[in-house]
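Novice: Dumping the structure here so I can ask a few things about it.
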Amino acid sequence: MMIPLLLGITLMTFFIMQLAPGKPTDLVTDLNTRMSSEAREKLVKLYELDRPWHERYWKWLKRMSRLDFGTSFRDGRPVIKKIAESLPATLLLNILSLILIFTAALAIGIFSAVKKDSLFDKISTFFVYLGFSVPTFWVALLLMIGLGLKLGLLPISGLRSIHYSDLSAWRKFLDMSAHLVLPVFVMALTGLAGLARYSRSAMLEVIRQDYVRTARAKGLPERTVILKHAFRNALIPIVTLLGLMLPELIGGSFIFETIFAYPGMGRLGYDAIMARDYPMLMGIGTIVALLTLAGNLLADLLYAFCDPRIRYQ
Amino acid sequence: MISIYLHRIFRNKLAFAGALLMVILIILALTAPWLAPSHFADQSLIDRLQPPSGKHWMGTDDLGRDVFSRLLWGTRVSLVVAFVAVGIATLFGTLVGLIAGYFGRWTDAVLMRAVDILLCFPTFFLILMVIAFLEPNIVNVMIVIGVTSWTGLARLVRGETLSLRERDFILAARALGASTPRILFVHLLPNVVAPVVVSATLGVGGAILTESALSFLGLGVQPPDPSWGNMLSAGKDYIYFAWWLSVFPGLAILTTVMAFNLLGEGLRDALDPRS
């Protein structure tokens, strides 16, 4: 199951690259009027561009399996090194957003389901609608201006201040946290709305079940009924959503890291796109897909963790 | 049948509000050349960066262009891009879903694995990558959004088709010697229309958000053509002293996406036989 998926991912990245108009050698040949057609042929041979695609794909795949993506067109540094430098920052951002999404969305979802049609439920439903429809990059822009520039409460770009290296360890932590507030909040926004609504309806579904009534009839305190009996069952469909949310979240990295000048893989990717840095893009594309795959695997494991019925099969 | 649905939609106040807004937006888009006080590219450098006033309801931008006029013209761009993109995605998704669900076996396996692979790539990254190789312009943006956003619908339609395939009326059609295309398009298709319509309506909102994000990053609709996204992009350089350049286009996106989402949700409630 995993292996064909992996092969498919690499095949797809390879073909998107073939979409690129022209040949990589055009830059050298077409701009040089004194280049003879023989020399041109030679260059094409050298880079094996005359070989059929499956042979080139196979060669590329063999290099990839050693995580050798070649060197960046922009500064000639190995692609994998540049990715390795920026990946931790992106993972930090995504994981923090995910934690925020889950804690906030589950809390909102449970509370509005338990107190259905209350004022809280109505207000949160309204905000969920808003969260679905609002262009998040616009919210980012407004927050940067409002909280960042006008009020000067939070830093609006990067991950560290200029004087970061002079700070004490505790101050360093505070500095980085302050830089993370806006990006994490904005990145969590879209997913938050979706998950809050989903967990509300999952909870509503579960609360109606007989076993919840039985738990109440047994005289268990309401807290236990909601958190132990209802919530654990509502969690099962919610975990499935996690796998679907990951690509969305990582996709968001490309917008928000650019807006917040955040030193992560998303911005690296955006810069690579702007500079048509093909090796860089192929590397990032593959890593992103692998990350998503790993996330899906994690969701499957969590699934088994939440639902004993799957574990014992 | 249809009148029952219409009745149900109109009973749902939010869905009705969404439908009304959508109609208004379509009318605005169609009549923009006559409604707008000026052409979207009319510059007046004396009037640059004017705050909202009686003359310029939403102020003017850095080239002295009337923001309100550009917003109206931008409605056209946003709606056309979204409708065409969703059209492509709907066509693709429905077709793949029907074929995978009806033929089953290896056809299904191959198509669904392809969907799984596509789902591993964040859609937005995929779009960015493809746009980087093609030229960023309206046509490419529509095609790329359409071609990358059919996977969810394909899965949905496949699921519906899988269960419909086993029903008696399909068996009867087959027994009467109906051709495969006839079974697919005359017998199966009408039965999956409801989820397709809902997903298309919700898809319009998503497409508008994607287009505006692309244009905001400079990879979508190119200036001087006005799109809400590229208006925001141009406005962000002046955001500190010219708030109107950033607030109005954002509100326009929010309202439009909300209209389609409300309508889509309303349709889902109305068309869902379980409710």
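Results for (1) free of Cβ contacts under 8 Å to residues at least 24 places away in the same chain; (2) farther than 25 Å from A:P135 by Cα, shown as yes or no for each residue.
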| site | (1), (2) |
| --- | --- |
| A:H163 | yes, yes |
| A:F173 | yes, yes |
| A:A178 | no, no |
| A:V181 | no, no |
| A:G191 | no, no |
| A:A196 | no, no |
| A:A202 | no, yes |
| A:R208 | yes, yes |
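Novice: Would you mind stating whether B:E160 is among the charged types (D, E, K, R), more than 7 Å from chain A (Cβ to nearest Cβ) and either more than 15 Å from B:G97 (Cβ to Cβ) or not in a helix (DSSP H, G or I) (or both)? Working first, answer last.
Specialist: On the way: among the charged types (D, E, K, R): yes; more than 7 Å from chain A (Cβ to nearest Cβ): yes; either more than 15 Å from B:G97 (Cβ to Cβ) or not in a helix (DSSP H, G or I) (or both): no.
In short, no.
For (1) within 12 Å of B:N261 (Cα to Cα); (2) outside any helix (DSSP H, G or I); (3) of a type in the set (G, A, S), each residue gets a yes or a no:
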{"site": "B:I170", "(1), (2), (3)": "no, no, no"}
{"site": "B:G177", "(1), (2), (3)": "no, yes, yes"}
{"site": "B:P181", "(1), (2), (3)": "no, no, no"}
{"site": "B:V196", "(1), (2), (3)": "no, no, no"}
{"site": "B:T201", "(1), (2), (3)": "yes, no, no"}
{"site": "B:A207", "(1), (2), (3)": "yes, no, yes"}
{"site": "B:T210", "(1), (2), (3)": "no, no, no"}
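Novice: Same structure again: Report, by residue number, each residue of the range A:244-269 that is at the interface with chain B (Cβ under 9 Å from one of its Cβ atoms) and small (G, A, S).
Specialist: Matches in the range A:244-269: A:G251, A:G252, A:S253, A:G266, A:G269.
Novice: More than 30 Å from A:A304 (Cα to Cα) and either at pLDDT 80 or above or more than 14 Å from chain B (Cβ to nearest Cβ) (or both): which single residue out of A:A272, A:A234 fits that description? Give the steps one after another, and end with the answer.
Specialist: Numbers: A:A234 fails: more than 30 Å from A:A304 (Cα to Cα).
A:A272 is the lone residue from the list that is more than 30 Å from A:A304 (Cα to Cα) and either at pLDDT 80 or above or more than 14 Å from chain B (Cβ to nearest Cβ) (or both).
Novice: With the condition kept exactly as written, say whether any residue in the range A:179-193 is farther than 30 Å from B:V257 by Cβ and either surrounded by fewer than 17 Cβ atoms within 10 Å (Cβ to Cβ) or modelled with pLDDT of 80 or more (or both). Break it down stepwise before answering.
Specialist: Step one: list which residues in the range A:179-193 are farther than 30 Å from B:V257 by Cβ, which gives none.
No, the range A:179-193 has no match at all.
Novice: Given (1) buried (at least 20 other Cβ atoms within 10 Å of the Cβ); (2) more than 26 Å from B:S246 (Cα to Cα); (3) within 22 Å of the chain's Cα centre (by Cα), where does A:L87 come up short, assuming only one miss?
Specialist: The failed condition is (1).
Novice: Got a number for residues in the range B:230-271 being of a type in the set (S, T, Y) and over 18 Å from B:L71 (Cα atoms)? Break it down into steps so the answer makes sense when it comes.
Specialist: Of the range B:230-271, the ones of a type in the set (S, T, Y) are B:233, B:238, B:240, B:246, B:255-256.
Now restrict to residues that are over 18 Å from B:L71 (Cα atoms): B:240.
Of the residues in that region, 1 qualify.
Novice: Also, quick follow-up: Enumerate the pairs (first residue in the range B:212-229 and under 22 Å from B:D66 (Cα atoms); second residue anywhere and among the charged types (D, E, K, R) and crowded, with 24+ Cβ neighbours inside 10 Å) with beta-carbon separation below 8 Å, excluding pairs fewer than 6 apart on the same chain, so at least 6 apart or on different chains.
Specialist: B:G220/B:E211; B:V221/B:E211; B:P226/B:R70; B:S227/B:E211; B:G229/B:E211
Novice: Does A:L293 meet the test of being under 12 Å from the mean Cα position of the chain (by Cα), among the hydrophobic types (A, V, I, L, M, F, W, C) and within 8 Å of chain B (Cβ to nearest Cβ)?
Specialist: Spelling it out, A:L293 is indeed under 12 Å from the mean Cα position of the chain (by Cα), among the hydrophobic types (A, V, I, L, M, F, W, C) and within 8 Å of chain B (Cβ to nearest Cβ).
Novice: Follow-up question, since we're still on this one. Against the conditions (1) closer than 27 Å to B:A29 by Cβ; (2) within 14 Å of chain A (Cβ to nearest Cβ), where does B:A109 fall short? Just the number, please.
Specialist: Of (1) closer than 27 Å to B:A29 by Cβ; (2) within 14 Å of chain A (Cβ to nearest Cβ), only one is false for B:A109: (1).
Novice: Continuing with the same structure: Of the conditions (1) at pLDDT below 85; (2) over 18 Å from the mean Cα position of the chain (by Cα), A:S133 satisfies every one except a single condition; which number is it?
Specialist: Unmet for A:S133, out of (1) at pLDDT below 85; (2) over 18 Å from the mean Cα position of the chain (by Cα): (1).
Novice: Tell me, yes or no, whether the range A:129-152 has at least one residue that is more than 8 Å from chain B (Cβ to nearest Cβ) and in a loop (DSSP other than H, G, I, E, B).
Specialist: The answer is yes, given that some residue of the range A:129-152 is more than 8 Å from chain B (Cβ to nearest Cβ) and in a loop (DSSP other than H, G, I, E, B).
Novice: Next up: Going residue by residue through the range B:260-273, is there one that turns out to be within 14 Å of chain A (Cβ to nearest Cβ) and closer than 29 Å to B:T60 by Cα?
Specialist: Within the range B:260-273, one or more residues are within 14 Å of chain A (Cβ to nearest Cβ) and closer than 29 Å to B:T60 by Cα.
Novice: Of everything in the range B:230-250, what is more than 9 Å from every other protein chain (Cβ to nearest Cβ) and either without any contact (Cβ under 8 Å) to a residue 12 or more places away in the chain or not aliphatic (A, V, I, L, M) (or both)? Give them in sequence order. Can you show your working first?
Specialist: Restricting attention to the range B:230-250, the residues satisfying the condition of being more than 9 Å from every other protein chain (Cβ to nearest Cβ) are B:230-231, B:233-234, B:237-238, B:241-242, B:244-245, B:248.
Scanning the range B:230-250 gives B:N230, B:S233, B:D237, B:Y238, B:F241, B:W244, B:F248.
Novice: Something else about it: Of (1) farther than 30 Å from A:M187 by Cβ; (2) modelled with pLDDT of 80 or more; (3) buried (at least 17 other Cβ atoms within 10 Å of the Cβ), A:W60 satisfies all except one. Which?
Specialist: Answer for A:W60: the failing condition is (2).
Novice: May I pose another question? Across the range B:112-137, what is the number of residues that are in a helix (DSSP H, G or I) and either more than 14 Å from chain A (Cβ to nearest Cβ) or of a type outside the set (A, V, I, L, M, F, W, C) (or both)?
Specialist: 3
Novice: A further question on this structure: Filter the range A:122-160 down to the residues that are surrounded by 19 or more Cβ atoms within 10 Å (Cβ to Cβ) and aromatic (F, W, Y), then identify the one that is nearest to A:A107 (Cα to Cα).
Specialist: A:F132
Novice: Report the residue count in the range A:263-286 for those that are crowded, with 24+ Cβ neighbours inside 10 Å and not small (G, A, S).
Specialist: Here the count works out to 5.
Novice: Please state which one of B:L164, B:L217, B:L176, B:L267 is more than 18 Å from A:V134 (Cβ to Cβ), more than 18 Å from the chain's Cα centre (by Cα), of a type outside the set (D, E) and buried (at least 16 other Cβ atoms within 10 Å of the Cβ). Give the derivation first.
Specialist: Working: B:L217 fails: more than 18 Å from A:V134 (Cβ to Cβ); B:L176 fails: buried (at least 16 other Cβ atoms within 10 Å of the Cβ); B:L267 fails: more than 18 Å from the chain's Cα centre (by Cα).
It is B:L164.
The values are calculated or read from the model by the stated rules, or taken from the named source; none is laboratory data. Everything quoted here is computed from the prediction, not taken from an experiment. Every residue, glycine among them, receives a Cβ derived from its backbone with ideal geometry; neighbour counts consider all protein chains shown.
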